[in-house]
1. Take region 55-90 and flag every residue that is assigned to a loop (DSSP other than H, G, I, E, B) and over 20 Å from Arg135 (Cα atoms).
2. Which residue is farthest from Asn68 (Cα to Cα), if the candidates are limited to region 117-132 and must be touching a residue at least 40 places away in the same chain (Cβ under 8 Å) and of a type outside the set (A, V, I, L, M, F, W, C)?
3. Report whether or not Thr38 is β-branched (Val, Ile, Thr), exposed (fewer than 10 other Cβ atoms within 10 Å of the Cβ) and within 30 Å of Val142 (Cβ to Cβ).
Amino acid sequence: MQTIKFRSGLFIACEQMAVHLQRAKNMLARAVKSFAGTHRRLQETLREREDGLRKLLATSPDAIVVTNADHRLVAANPRALDLFGISEANMGKFTLDAFLPHQQVLDLDGNGPPFMKREERHGKCKVRRLDGSLRVTEYTFVTNFAGHRHLSKFHDVAQTR
């Protein structure tokens, strides 16, 4: 009789454990599904921004460069390459710092932690081309334009000496 009671109690405990494990499995499955959906939406948003960036580089009448967190040039349209006096093949060897005055680079960096949200800054600056000549431009700097990439747009370029 005691053996039957023990087996019966063990069977009930196993059933309860199975119910709890099934609930935990269902909760985990919902969490994974939710995470996958969020990840997919973030990937789609990033893809849309990157597509927008490619279109902007291809169609903008202004000089546009894309930099990473270290200010290294990662993309530029032909007008930007002409503005800086560099070739597309050599673009990755330069940072934005090579062409802008030191105080202007500090203005782009801001006064806080690294850029986490999309933010715009506007101003004027002197761009020192690779050949040493200066060009005065108005700029728009957009942080985190696409996937930790920052966009700089230079317009109303007037050559000075």
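1. Going through region 55-90, the residues assigned to a loop (DSSP other than H, G, I, E, B) turn out to be 60-62, 68-71, 77, 85-90.
Answer for region 55-90, where residues must be assigned to a loop (DSSP other than H, G, I, E, B) and over 20 Å from Arg135 (Cα atoms): Asn68, Ala69, Asp70, Ala89, Asn90.
2. Ranking the candidates gives Asp131 first.
3. Working: β-branched (Val, Ile, Thr): yes; exposed (fewer than 10 other Cβ atoms within 10 Å of the Cβ): no; within 30 Å of Val142 (Cβ to Cβ): yes.
The answer is no for Thr38.
Read-outs: derived from the displayed coordinates by stated rules, not from any lab. All values reported here derive from a predicted model rather than from experimental measurement. So basically every Cβ, Gly included, is an ideal-geometry build from the backbone, and we count neighbours across all protein chains shown.
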